[in-house]
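Some notes on the structure that comes next.
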Amino acid sequence: MGRLDGKIIVLTAAAQGIGRAAAIAFAKEGAQVIATDVNESKLRELEAFPGIQVRVLDVTNKGQIENLTKEVTKIDVLCNVAGYVHHGTILDCEEKDWDFTMTLNVRSMYLMIKAFLPKMLEQKSGNIINMSSVASSIKGVANRCVYSTSKAAVIGLTKSIAADFIEQGIRCNCICPGTVDTPSLRERIQARPNPEQALKDFVARQKMGRLATAEEVAHLFVYLASNESAYMTGNECIIDGGWNL
């Protein structure tokens, strides 16, 4: 018996990193996973895992999201993972950077939740898990201005959904990681003038002396998706190795 037997989970940004790890972890615990991403080639790799079906989806495209809702007749868990990390202060953030970050990190969650929540309300049950970050309203982090702003907005959105729909059987929590070793992080490190020093700096600020793995964050996704967390809603669940202490 798996911890998620019979649950149908829709997951965004599943092609790599935390999203991929969560999709695999969900499937191993018995869930039927509808894994989505814009990166079709990487996404298709997940078809090798029993219990995972894939759909190419741009989470900033309202029409594509609405088409997906027509395919999904029942949903137990919606996981909003898609996001983008901009490097810099407000002075380094152009309007296009601000708009793109807010569109992908926040508006996409608005679109996904608004599209799938009616199905959950009709079922009188549903579980939403959003990806936030410790770099948000939890902790000020240098060179993460618009990213932290967007992730603070995700915490606010999470609490709002939880408060508005608690009596209708809907739960909503968000996950707030610290620095996680993912392909996205490695790409950002390589983009820095001195990648070797950038990696050392990331590790140095972690009090446990290492970065988190995507699989460690996926364990928290499984817990929040399971009935084990049935009395939890409206929480920002921190998994950061003590970074915010």
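Considering just Cα atoms, how many Å³ per residue does the convex hull of the chain enclose? Walk me through the numbers on the way to the answer.
Values: hull volume 30.7 nm³, N = 245.
Dividing the Cα hull volume of the chain by its residues yields 125 Å³.
Amide H contacts for K207 (H built 1.01 Å from N in the peptide plane; partners 5 or more residues away or on another chain; cut-off under 5 Å): W243. Taking a ≥ b ≥ c as the square roots of the eigenvalues of the alpha-carbon gyration tensor, the stretch 22-102 is classed prolate because a/c is 1.5 or more and a/b outweighs b/c. Taking amide H as placed 1.01 Å from N in the peptide plane, the amide H of R144 sits under 5 Å from that of G88, each at least 5 places away or on another chain. Rounded to the nearest Hz, the phi-derived 3J(HN,Hα) couplings of the stretch 100-112 under the Karplus curve 6.51 cos²θ - 1.76 cosθ + 1.60 (θ = phi - 60°) are 5, 4, 5, 5, 6, 7, 10, 4, 4, 5, 4, 5, 5, where x marks glycine and proline. Applying the criteria of a DSSP loop state and at most 14 other Cβ atoms within 10 Å to the trypsin sites (Lys or Arg not before Pro) of the stretch 187-245 yields R205, K207, R210.
For the stretch 188-244, the residue among T233, A214, L199 whose Cα projects farthest onto the positive side of the dipole built from Cβ charges is L199.
Under 5 Å from the amide H of R55 lie the amide H atoms of A35, T36, D37, each residue being 5 or more positions distant or on a separate chain, with H modelled from the backbone and absent for Pro and chain starts.
If you take the square roots of the eigenvalues of the alpha-carbon gyration tensor of the stretch 192-233 and sort them as a ≥ b ≥ c, do you get rounded (a/c under 1.5), prolate (a/b over b/c) or oblate? Prolate is the answer for the stretch 192-233, as a/c is 1.5 or above and a/b outweighs b/c.
With charges set only on the Cβ (+1 for Lys and Arg, -1 for Asp and Glu), what does the dipole of the stretch 80-224 come to about its Cα centre, in debye to the nearest 20? Spell out each step's value before the answer.
Working: 17 positive and 14 negative charges, 58 e Å.
With Lys and Arg at +1 and Asp and Glu at -1, about 280 debye.
Straight-line cross-link partners of K62 among the aspartates and glutamates, defined as a Cα under 17 Å from its Cα and at least 8 positions apart when in the same chain: D37, E71, D99. Across every pair of non-identical alpha carbons in the stretch 159-243, the mean reciprocal distance, once inverted, gives a Kirkwood radius of 14.7 Å.
The angle between the Cα long axis of helix 214-225 and the longest principal axis of the Cα atoms of the chain comes to about 30 degrees, rounded to the nearest 10.
Values in this text are rule-based calculations from the coordinates and carry no lab data. As the structure is a computational prediction, the values presented were derived from the model and not from experiment. Methodologically, a virtual Cβ is constructed for each residue, glycine included, from the backbone with ideal geometry; neighbour enumeration extends over all protein chains shown.
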